[in-house]
Amino acid sequence: MTVFVIRRFLQSIAVLCVTAVIVFIGIYAIGDPAEMLISPDASPAERAQVVASLGLDKPLWEQFFTFAWNALHGDLGRSFVFNRPSIALIFERLPATLELTLTGLVFALVLGIPLGLVSGLKPNSATDEVIMTGSILGFSLPSFWQGMMLIMIFSVWLGWLPSTGRGQMGEFLGIRSSLFTLDGLTHLILPAINLSLFKLSLVIRLTRTGVRETMPLDFVKFARAKGISERRIVFVHVFKNILIPLITVIGLELGSMLAFAVVTETIFAWPGIGKLLIDSIMRLDRPVVVAYLLVIVSLFIFINFVVDVLYSLVDPRVRLGGAQ
Amino acid sequence: MTPVLEVKNLSTHFMTRRGVLRAVDDVSFTVGPREIVGLVGESGSGKSITGFSILGLVDPPGRVVGGQILFNGEDLLTKSPTAMRAIRGKRIAMIFQDPMMTLNPVLSVATQMIETVQAHDRVSRAEARARSRDALGLVGIPSPEERLDSYPHQFSGGMRQRVAIAIALLHRPDLIIADEPTTALDVTIQSQILFEIKRLAAEFGMALIWISHDLGVVAALADRIMVMYAGRIVEAGQVDGVLTAPRHPYTSGLLSAVPAAVPRGEPLRPIPGFAPSPLSRPSGCAFRDRCARATDVCATEPMLEIAAGREFRCFHPHLWSAA
């Protein structure tokens, strides 16, 4: 296990380095932030001075190594726009996005797994058809449209839930979050549902497929021949086998949920990092974009690591090494 | 002596889209206490489905459509699902063909054994564990206490089958149905397992139905043999009698296709043709298209003839001199 962790850690560093290079070159290619930052009527002298102060006059490789050197010292640069450390900007906004994504994920799992089980245990029944049709809608309706419909129905027509912002925040164990006040929760419901609908459909389908694939296997029949109750067969024998693919996909999807919360955050004016990213790209605020991508890559790496650990907890074949 | 199991006119059909598949068709037999019965036939002859029918484990679209299964005098077909669950694993146990598939890969052997004990008896986990350990020891698994905490993938095929047998033995059932339990194993392991099961069945006085396509295995193990063809039992009797003097042409056909049973130098004679599709089984004797002795009369259903402890369904049985 220790060897595994060390190897994984070294791999992660390599991934981070490669991402840093690609992202840096990519953002360099998009455009010159000087055009955005300096007013058109500035004199050439003023212009040159600003460009020099931002280090934009140096060649690409030199800019990169300055960045890399500073990054090693924990400094990912200052935002051109806000003139504040970019990493601080990101960590200010990150909790809101995490709160949204995690709530969405919990929603997708808590609803998706039972629905998938029901569907998989009674394939081709009326219930199954309804659930499957619903999941097709979840898959195929574009996220932004779903979001607008949710606002239309629950905020505009019914007036039950607020449509924008994060609402009041409460504090619990030193963590500030909308989860801890009623007002915050009402603000959270719609965006969380919007973000989770796609994942919900995915979880339903994965669970259903898992059940359909596992139920006909010999060990299920053998468990029946042992006199084990149907309930235990489903919730222990079958479910533990389904968990393996479920954890893999959920791990990957959690990363993409974090990274692509952008759409939901834009629709519901949720003050998360997705919105920050869009704004920064528009203004060519290079340090923020680079720092954002590095943070997201780190999160991906971390989530994948957690997935691997969970994997070995669920699957003894992984934990104990090779099959005979 | 009252039989442990008495199957009367059992029919199990599969309602498929292409028609009714008569997997088991009017099958009757009995298994006495401590008796080992071999149920022999080729793939698709309905022998496994017969086993699953007894346990009430036929998966849809299959269904037992008729007959009686009397287990110690009680008809299993009239039992509620709950009552059947209480019998499965407790009084009738089953061992499956492929030991690589019968154990759940993500649960430890201990979990899979303890749940079997606790499914039927209200005992503490510690006691269930002790019983599981003893059962593992009984089937010849070395250091059973440590092996309990292993997972199936840490066992070889033969050892997994021993674990499956240990699970079947946990409640000392009256009857064990073994569905080709040695087919997937190496020949050397096969004979070990065979020997173990025979020993344990005798030790605990259990009756055994041994489903197999291997006549050699059944000859070494069983008291009585039943030969199944196309969903029906075509011949049944004491092992020695059936194997040395088969009455049904299908049985003799099977025997002359077994390498060990044919004298050295003589060619093996495979039975010509294929078993009929269970969807379009010919009327009358299902074997008549492949049978050298068939005549026009075989187009009608042969009745079950009982002669000198032997049952067979054939109009033209082999005749053997009384010697």
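One residue stands out in segment B:84-113 among those that are within 7 Å of another protein chain (Cβ to nearest Cβ) and of a type in the set (Val, Ile, Thr): the one that is nearest to residue B:31 (Cα to Cα), namely B:102.
Conditions tested, residue by residue: (1) modelled with pLDDT under 85; (2) under 16 Å from residue A:123 (Cα atoms); (3) in the same structural domain as residue A:142 (by TED's automatic domain parsing); (4) not hydrophobic (A, V, I, L, M, F, W, C).
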site: A:210; (1), (2), (3), (4): no, yes, yes, yes
site: A:216; (1), (2), (3), (4): no, yes, yes, yes
site: A:225; (1), (2), (3), (4): no, no, yes, no
site: A:233; (1), (2), (3), (4): no, no, yes, no
site: A:239; (1), (2), (3), (4): no, no, yes, no
site: A:244; (1), (2), (3), (4): no, no, yes, no
site: A:255; (1), (2), (3), (4): yes, no, yes, yes
site: A:258; (1), (2), (3), (4): yes, no, yes, no
site: A:262; (1), (2), (3), (4): yes, no, yes, no
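In the condition set (1) at positive phi; (2) within 14 Å of another protein chain (Cβ to nearest Cβ), residue B:164 is compliant with all but (1).
If you check residue B:81 against the conditions, is it at pLDDT below 90, within 9 Å of chain A (Cβ to nearest Cβ) and closer than 20 Å to residue A:225 by Cα? So residue B:81 passes the test.
All of A:267, A:278, A:303 fail the test of being closer than 24 Å to residue A:79 by Cα and more than 14 Å from every other protein chain (Cβ to nearest Cβ), apart from A:278. Any idea how many residues of segment B:59-78 are within 13 Å of chain A (Cβ to nearest Cβ) and out of contact with any strand residue (DSSP E or B) (no Cβ under 6 Å at 6 or more places or on another chain)? The number of residues fulfilling the criteria is 2. Only residues that are in a loop (DSSP other than H, G, I, E, B) and either within 17 Å of residue B:210 (Cα to Cα) or modelled with pLDDT of 90 or more (or both) were counted in segment B:173-190, giving 8. Just one of the listed residues (B:256, B:212, B:280) is at pLDDT below 85 and farther than 23 Å from residue B:9 by Cβ, namely B:256. Do we find a residue being in a loop (DSSP other than H, G, I, E, B), touching a residue at least 60 places away in the same chain (Cβ under 8 Å) and either hydroxyl-bearing (Ser, Thr, Tyr) or closer than 15 Å to residue A:101 by Cβ (or both) anywhere in segment A:286-293? There is no residue in segment A:286-293 that is in a loop (DSSP other than H, G, I, E, B), touching a residue at least 60 places away in the same chain (Cβ under 8 Å) and either hydroxyl-bearing (Ser, Thr, Tyr) or closer than 15 Å to residue A:101 by Cβ (or both).
Determine whether residue B:35 is more than 14 Å from every other protein chain (Cβ to nearest Cβ) and either surrounded by fewer than 16 Cβ atoms within 10 Å (Cβ to Cβ) or under 16 Å from residue B:12 (Cα atoms) (or both). Taking the combined requirement at face value, the residue does not satisfy it.
Residues of segment A:205-228 that are more than 7 Å from chain B (Cβ to nearest Cβ) and not in a helix (DSSP H, G or I): A:215, A:216.
Conditions (1) under 26 Å from the mean Cα position of the chain (by Cα); (2) at pLDDT below 90; (3) of a type in the set (Val, Ile, Thr); (4) in the same structural domain as residue A:269 (by TED's automatic domain parsing), marked per residue:
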{"position": "A:138", "(1), (2), (3), (4)": "yes, yes, no, yes"}
{"position": "A:142", "(1), (2), (3), (4)": "yes, yes, no, yes"}
{"position": "A:146", "(1), (2), (3), (4)": "yes, yes, no, yes"}
{"position": "A:150", "(1), (2), (3), (4)": "yes, yes, no, yes"}
{"position": "A:159", "(1), (2), (3), (4)": "no, yes, no, yes"}
{"position": "A:163", "(1), (2), (3), (4)": "yes, yes, no, yes"}
{"position": "A:174", "(1), (2), (3), (4)": "yes, yes, no, yes"}
{"position": "A:201", "(1), (2), (3), (4)": "yes, no, no, yes"}
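Against the test of being at pLDDT below 85, assigned by TED's automatic domain parsing to the domain that holds residue A:165 and within 25 Å of the chain's Cα centre (by Cα), the options A:114, A:95 yield a single qualifying residue, A:95.
Among the residues here, residue A:231 does not qualify as part of a helix (DSSP H, G or I), charged (D, E, K, R) and surrounded by 21 or more Cβ atoms within 10 Å (Cβ to Cβ). Taking into account only those residues within segment B:228-254 that are out of contact with any strand residue (DSSP E or B) (no Cβ under 7 Å at 6 or more places or on another chain) and not hydrophobic (A, V, I, L, M, F, W, C), which is farthest from residue B:315 (Cα to Cα)? Taking the candidates together, the pick is B:240.
What residue, of A:248, A:264, is under 30 Å from residue A:215 (Cβ atoms) and not charged (D, E, K, R)?
Within the list A:248, A:264, the selection yields A:248.
Within segment A:150-167, the set of residues being over 11 Å from residue A:267 (Cα atoms) and not in a loop (DSSP other than H, G, I, E, B) comprises A:152, A:153, A:154, A:155, A:156, A:157.
The residues on offer are B:271, B:233, and the sole one that is surrounded by 14 or more Cβ atoms within 10 Å (Cβ to Cβ), hydrophobic (A, V, I, L, M, F, W, C) and either over 21 Å from the mean Cα position of the chain (by Cα) or part of a loop (DSSP other than H, G, I, E, B) (or both) is B:271.
In segment B:79-99, the condition of being acidic (Asp, Glu) and assigned to a loop (DSSP other than H, G, I, E, B) is met by at least one residue. With respect to the stated conditions, residue B:146 is free of Cβ contacts under 8 Å to residues at least 40 places away in the same chain, out of contact with any Cys (no Cβ under 8 Å at 6 or more places or on another chain), within 14 Å of chain A (Cβ to nearest Cβ) and not small (Gly, Ala, Ser).
The values are calculated or read from the model by the stated rules, or taken from the named source; none is laboratory data. Quick caveat: nothing in here was measured; it's all calculated off a predicted structure. Cβ sites come from the backbone with ideal geometry, for glycine too, and all protein chains shown count toward neighbours.
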